[in-house]
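Everything below concerns the one structure shown next.
The values are calculated or read from the model by the stated rules, or taken from the named source; none is laboratory data. Since we're looking at a predicted model, the values are computed, not measured. Positions of Cβ are generated from backbone atoms using ideal geometry, with glycine treated the same way; all protein chains shown enter the neighbour counts.
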Amino acid sequence: MSLEHTRKTYEKLGREDPFYAVLTAECFRNNRWDVEEFFATGETEVADVFGYLSRTAPVFNRDSALDFGCGVGRLTQALATRFDNVIGVDIAESMVEKARELNRHGPRVEYFANTVDHLRFLGDQSFDFVYSSITLQHVPPPANLRYLEEFLRVLRPGGVAVFQVPNGREFREGSLWQTLYKLRRQYLRRAWKIIRGKPAYEMHYIPRAIVEKTVGERGARLVAATSFGGGKPDANFRYCVVKTP
Ligand SMILES: C[S@@+](CC[C@H](N)C(=O)[O-])C[C@H]1O[C@@H](n2cnc3c(N)ncnc32)[C@H](O)[C@@H]1O
């Protein structure tokens, strides 16, 4: 599985059915999402995150935010009511084009396509807040971990990152168990989606222990890991991380 495969999948979905590609409820397939309703879901999610932050994180500046895996800007637009400047980054040019078309905040919000496994076009310590939702789960390793390292690099001291990523088992690299686990988790689930006529997203994970290690090694502190979505309690986490001031 490669980043290029992910890009192609979303590039196509972004052209054909961009809102459904982001929120895949069957009733909204074939461009049946109402734009206002769609963006209202982003407002609800971001309001929920800020409620979560008020319980978990220290107060931080509101100058700039990064929305990684922004899609058509569902969450980026909601972040723009809370930050002076927001940047949305997505792997698919089609998503970024749509996001620009739907931007309601003028030059305070910028969208960029980025197809490589790093964010070097963004400077060190340039954001107060980094957010990523239902995106890292589609990014194959090792790129998913590289992006996590990049979130910590671009965060200012005292800044906060909130990102969601499924948890998974940790195996010795190249072991038989790892191969079998990946086979079930990535390929069989994907095949099941194709059989049901769903978009063939890849699903990936980062073991929680690796998230914690990466955060600790990069001058940040994990302040919360909260169960996300409706599965098993330890299957998927929303992490809240503070960069050490
Ligand atoms: C399910 S959508 C979520 C969009 C947005 N976060 C939201 O919740 O509205 C996943 C998005 O992640 C983007 N994406 C997938 N891999 C990416 C990568 N390596 N870098 C940046 N964006 C990526 C896809 O193009 C897609 O727009």
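Observations on the structure shown:
- Restricting the first member to the stretch 92-105 and to residues that are within 8 Å of Gly14 (Cβ to Cβ), and the second to residues that are among the charged types (D, E, K, R) and surrounded by fewer than 16 Cβ atoms within 10 Å (Cβ to Cβ), the beta-carbon pairs closer than 8 Å and six or more apart or on different chains are Ser94/Lys12; Ser94/Arg15.
- Residue match in the stretch 220-243 (condition: among the hydroxyl-bearing types (Ser, Thr, Tyr), touching a Phe, Trp or Tyr at 6+ places or on another chain (Cβ under 7 Å) and crowded, with 20+ Cβ neighbours inside 10 Å): yes
For every residue, the table says whether it meets (1) more than 24 Å from Ala235 (Cβ to Cβ); (2) within 14 Å of the ligand (Cβ to nearest atom); (3) hydroxyl-bearing (Ser, Thr, Tyr); (4) touching a Leu at 6+ places or on another chain (Cβ under 8 Å).
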{"site": "Gly73", "(1), (2), (3), (4)": "yes, yes, no, yes"}
{"site": "Val86", "(1), (2), (3), (4)": "yes, yes, no, yes"}
{"site": "Glu93", "(1), (2), (3), (4)": "yes, yes, no, no"}
{"site": "Tyr131", "(1), (2), (3), (4)": "no, yes, yes, yes"}
{"site": "Gln137", "(1), (2), (3), (4)": "no, yes, no, no"}
{"site": "Pro142", "(1), (2), (3), (4)": "no, yes, no, no"}
{"site": "Leu145", "(1), (2), (3), (4)": "no, yes, no, no"}
{"site": "Gly174", "(1), (2), (3), (4)": "yes, no, no, no"}
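- Boolean, Gly71 is at positive phi and either surrounded by 13 or more Cβ atoms within 10 Å (Cβ to Cβ) or modelled with pLDDT under 95 (or both): yes
- Taking the criterion of being of a type in the set (Asp, Glu) and away from the ligand (no atom under 13 Å from the Cβ), the residues of the stretch 95-129 that qualify are Glu101, Glu110, Asp124, Asp128.
- Within the stretch 188-219, being surrounded by fewer than 11 Cβ atoms within 10 Å (Cβ to Cβ) and charged (D, E, K, R) holds for Arg196, Glu217.
- When every residue of the stretch 116-136 is checked against the conditions, none turns out to be farther than 30 Å from Pro245 by Cβ and not in a loop (DSSP other than H, G, I, E, B).
- Residue in the stretch 182-200 that is at pLDDT 95 or above, more than 14 Å from the ligand (Cβ to nearest atom), more than 16 Å from the chain's Cα centre (by Cα) and not in a helix (DSSP H, G or I) present: no
- If you check Ala25, Ala57 for being under 20 Å from the mean Cα position of the chain (by Cα), more than 30 Å from Leu183 (Cβ to Cβ) and small (Gly, Ala, Ser), only one passes: Ala57.
- Members of the stretch 9-52 that are β-branched (Val, Ile, Thr) and either part of a helix (DSSP H, G or I) or in contact with a helix residue (DSSP H, G or I) (Cβ under 8 Å, 6 or more places away or on another chain) (or both): Thr9, Val22, Val35, Thr41, Thr44, Val46, Val49
- Matching residues, the stretch 49-71, being of a type in the set (Gly, Ala, Ser), more than 16 Å from the ligand (Cβ to nearest atom) and touching a residue at least 60 places away in the same chain (Cβ under 8 Å): Ala57, Ser64
- First in the stretch 128-156 and within 15 Å of Ser64 (Cα to Cα), second anywhere and in a helix (DSSP H, G or I) and of a type in the set (S, T, N, Q), Cβ under 9 Å, 6 or more apart: Tyr131/Thr76; Leu152/Thr214
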